[in-house]
Amino acid sequence: MGDMGATAGFRQSDDPSRPIVAFDFDGTLTVRDSFTQFLRWRAGAGGWALGLVRMGKATAAYARDRDRGAIKAASVKVFLKGVTRAELETDAARFADATWDGFMRPDALKVWEDWGRRGAHRVIVTASPEITVAPFARRLGAEGLLGTHLTFDADDRITGAFSSPNCRGEEKVRRLHEAFGADLKLAAAYGDTSGDTEMLAIADQPGFRVFRQRPG
């Protein structure tokens, strides 16, 4: 049983005049990787240090193969396995409230708000788990959220696995097409890593590392 996306009920063909704009989250709207920071914040100093020790083999494997999906899955298993959906949602909301002011890029928020005033359907497309990004998306007023899905067992506890591929690279485009149709053409897209290349390629206005401001 996986967590579900936040774009149900909207397709590009519903309103062809409404532009669709995609934003990567980590490093684009934010100043750093949100999922790593969330795990660190939630675990505390001692729990974080212990978790890093437990992730030794996975970290060594990542140094060899650079498999981002595998290292992320390992971190979920070490830091979140057995946590209930309700507990994770509560912690994610608390994290968003605690970090917002020092986390969000002012220039990115300005562009986000500008597209909103222009009537765009703004969708966050992220490799981070949807469930941990959702509080940020709600606060932003996002019209859509596409991210990596965690798997929950029959007791609604995290199993330590994903129920979808890691949402980066070609998977971002696949998820966008799944949500908005195979003929999707983004009005604009913004990203900051090679994992956003394919998404930027289907945008009329591709923005690569255009946001650089830091809070304060």
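Rounded to the nearest 20 Debye, what is the dipole magnitude of the chain about its Cα centre when Lys and Arg each give +1 and Asp and Glu each give -1 at the C-beta? Don't skip to the answer; put the middle values down first.
Working: 31 positive and 29 negative charges, 131 e Å.
Roughly 620 debye, rounded to the nearest 20.
What is the total of Lys pairs in the chain with C-alpha atoms under 19 Å apart, excluding same-chain pairs fewer than 8 positions apart?
Values: LYS57/LYS72; LYS57/LYS77; LYS57/LYS81; LYS72/LYS81; LYS72/LYS172; LYS172/LYS185.
So the count works out to 6.
Over the chain, what is the relative contact order in whole percent, taking alpha-carbon pairs under 8 Å and six or more residues apart?
On the way: 362 pairs, mean separation 69.4, N = 216.
Relative contact order here is 32 percent.
Which percent, nearest 5, of DSSP beta bridges in the chain are antiparallel?
Working: 5 of 21 bridges.
Taking every DSSP beta bridge with both residues in the chain, the antiparallel ones total about 25 percent.
Along each of the three principal axes of the Cα atoms of the chain, give the extent in whole Å, ordering the values from largest to smallest.
Largest first, the chain extends 50, 40, 35 Å along its Cα principal axes.
Arrange the residues GLU87, GLU178 by how much accessible surface each exposes, largest first, with a 1.4 angstrom probe.
Working: GLU87 80, GLU178 110 Å².
From most exposed to least exposed: GLU178, GLU87.
Counting only trypsin sites (Lys or Arg not before Pro) that are in a DSSP loop and have at most 15 other C-beta atoms within 10 Å, tell me the longest site-free stretch of the chain. If you can, show how the numbers build up before the last one.
Details: sites that count: ARG11, ARG32, ARG66, LYS81, ARG118, LYS185, ARG209, ARG212.
Of all site-free stretches, the longest is 119-184.
Please give the helix 34-54 orientation as an angle from the longest Cα principal axis of the chain, in degrees from 0 to 90, rounded to the nearest 10.
20 degrees
Please report, in whole Å³, the volume per residue of the convex hull around the C-alpha atoms of segment 17-73.
117 Å³
Between ASP33 and SER17, what is the spin-label point distance in nm, taking each point 7 Å from the Cα along the Cα→C-beta axis?
Inter-label distance under the simple model: 4.4 nm.
Given 0.36 nm per residue, what is the gain on full extension from PHE208 to ALA45 after removing their alpha carbon distance, in nm?
Working: separation 163, 0.36 × 163 = 58.68 nm, distance 3.38 nm.
Here the segment from PHE208 to ALA45 would lengthen by 55.3 nm.
Once you keep just the Cα pairs under 8 angstrom separated by 6 or more residues, what percentage relative contact order results for segment 79-205? Walk me through the numbers before you get to the answer.
Values: 157 pairs, mean separation 27.9, N = 127.
Averaging sequence separation for qualifying contacts and normalising by length gives 22 percent for segment 79-205.
I'd like the distance separating the alpha-carbon centroids of segment 103-181 and segment 26-58, in whole Å.
Measuring centre to centre over Cα atoms gives 19 Å.
How do HIS121, HIS149 stack up against each other in accessible area, from largest to smallest, with a 1.4 angstrom probe? Provide the component values of the computation, followed by the final result.
Details: HIS121 5, HIS149 25 Å².
Greatest to least solvent exposure: HIS149, HIS121.
Give or take rounding to whole Å, what are the principal axis extents of the alpha carbon atoms in segment 87-172, in descending order?
Between the extreme Cα coordinates on each principal axis of segment 87-172 lie 42, 32, 19 Å.
Taking all protein chains in place and a 1.4 Å probe, what share, in percent, of the accessible surface of segment 13-98 do carbon and sulfur account for? Kindly include the intermediate steps, with their values, before the conclusion.
Details: 2280 of 4440 Å².
Roughly 51 percent of what the probe reaches on segment 13-98 is carbon or sulfur.
Quick one: Karplus J couplings for segment 129-144, per residue in order, coefficients 6.51, -1.76, 1.60, θ = phi - 60°, nearest Hz, x for Gly and Pro?
x, 3, 5, 8, 8, 3, x, 5, 4, 5, 5, 6, x, 4, 7, x
The values are calculated or read from the model by the stated rules, or taken from the named source; none is laboratory data. Just so we're clear, the structure is a prediction, and the values are computed from it rather than from any experiment. Virtual Cβ from ideal backbone geometry, glycine too; neighbours counted across all protein chains shown. Accessible surface areas use protein heavy atoms only, side chains included; no ligands, DNA or RNA. Shrake-Rupley method; radii C 1.70, N 1.55, O 1.52, S 1.80 Å.
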